[in-house]
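The values are calculated or read from the model by the stated rules, or taken from the named source; none is laboratory data. On a predicted model such as this, the values are computed, not experimentally measured, just so you know. Neighbour counts are summed over all protein chains in view; Cβ atoms, including those assigned to glycine, are modelled from backbone coordinates with ideal geometry.
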Amino acid sequence: MTKNNSLRSFVALDIPRAFRAELSNILTDCRKICPYGIRWIEPENLHFTLHFLGSIELNKLNQIKVRLNKIFEEQPIFSVFNPQIEIFPYLHYTSPDLNDVSRRSRVISNENVHKARLVWVKCDYQDNCIEHSVHNLRQLIDDLSLTTDKKPFKMHLTLGRIKKKVKGSTLEQILSLNLQDKKWKIKDVTLYESRLHSYGAEYIKLETYRLKDNI
């Protein structure tokens with residue numbers, strides 16, 4: 001649904017089906033650990049956000065699609081790996097006493113637990129494999145006079161948004177969940193529309209761009 005001839009949009013990396021299935025299992029565990037207080041993302045909505053475009057005018061949509069195609073037509077397929085569940089902001093620290101089984105290796109300090117906003121999965125990726133495309137994407141956003149994210153790019157996907165104060169011990173249980181340490185190939189980038197509803201956001205694919213097969 002558009003408002004004032006504009007729509008909310010963002011650009012994201014699509015994740016492989018097998019990785020989505022594993023994250024779906026993790027989300028099932030997360031909901032059991034914390035059924036209230038965190039709005040968990042539906043598995044079909046999981047993605048790595050490259051940049052939020054904000055509100056864009058419909059008469060600029062085709063122009064944006066053409067520019068995005070030029071940005072990503074030379075972007076090679078690449079892999080992400082070493083997925084780790086984290087709390088943002090970074091409130092957890094490693095327990096110095098790893099022999100103390102009563103404490104988890106990643107601990108939430110009680111004085112900071114109220115600052116927790118997101119549960120996300122951070123991934124490593126091949127050096128400099130996406131930075132050039134991110135730079136060109138930010139240049140496009142500047143050209144459109146939209147707000148550019150100046151922070152260094154981090155490869156992450158959001159699992160849940162923390163809406164109410166959650167106990168530190170609950171967040172520690174979420175941090176203890178493990179994902180397979182394997183490589184996942186990223187092959188597609190999508191321009192999405194984001195529609196806001198009372199039950200959460202709905203994401204609609206506007207255009208998908210296949211990355212370059214470097215084999």
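So the values come out like this:
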read-out: For THR28: the one exception among (1) surrounded by 14 or more Cβ atoms within 10 Å (Cβ to Cβ); (2) more than 19 Å from LYS154 (Cβ to Cβ); value: (1)
read-out: Residue within region 165-186 that is free of Cβ contacts under 8 Å to residues at least 24 places away in the same chain, within 22 Å of VAL11 (Cα to Cα) and either touching a strand residue (DSSP E or B) at 6+ places or on another chain (Cβ under 9 Å) or surrounded by fewer than 12 Cβ atoms within 10 Å (Cβ to Cβ) (or both) present; value: no
read-out: Qualifying residue in region 30-39 (condition: modelled with pLDDT of 90 or more and closer than 19 Å to SER194 by Cβ); value: yes
read-out: Which listed residue, of ALA116, ALA201, is among the small types (Gly, Ala, Ser), under 17 Å from the mean Cα position of the chain (by Cα) and closer than 17 Å to THR49 by Cα; value: ALA201
read-out: Sole residue being in contact with a Gly (Cβ under 7 Å, 6 or more places away or on another chain), modelled with pLDDT of 95 or more and aliphatic (A, V, I, L, M), chosen from VAL119, VAL113; value: VAL119
read-out: Which numbered condition TRP120 fails, given (1) under 11 Å from PHE78 (Cβ atoms); (2) touching a strand residue (DSSP E or B) at 6+ places or on another chain (Cβ under 7 Å); value: (1)
read-out: Residue list for region 143-201, restricted to those being closer than 30 Å to LEU211 by Cα, in a loop (DSSP other than H, G, I, E, B) and of a type in the set (S, T, N, Q); value: SER145, THR147, THR148, ASN178, GLN180
read-out: LYS165, sole failed condition from (1) at pLDDT 95 or above; (2) over 18 Å from the mean Cα position of the chain (by Cα); (3) among the basic types (Lys, Arg); value: (1)
read-out: Test result for GLU22, loosely packed, with under 15 Cβ neighbours inside 10 Å and not in a loop (DSSP other than H, G, I, E, B); value: no
read-out: Number of positions in region 177-204 that are polar (S, T, N, Q) and in contact with a Ser or Thr (Cβ under 8 Å, 6 or more places away or on another chain); value: 2
read-out: Hits in region 134-153 - residues which are closer than 17 Å to GLN63 by Cα and either touching a residue at least 12 places away in the same chain (Cβ under 8 Å) or not polar (S, T, N, Q) (or both); value: ASN136, LEU137, ARG138, LEU140, ILE141, ASP142, ASP143, LEU144, LEU146
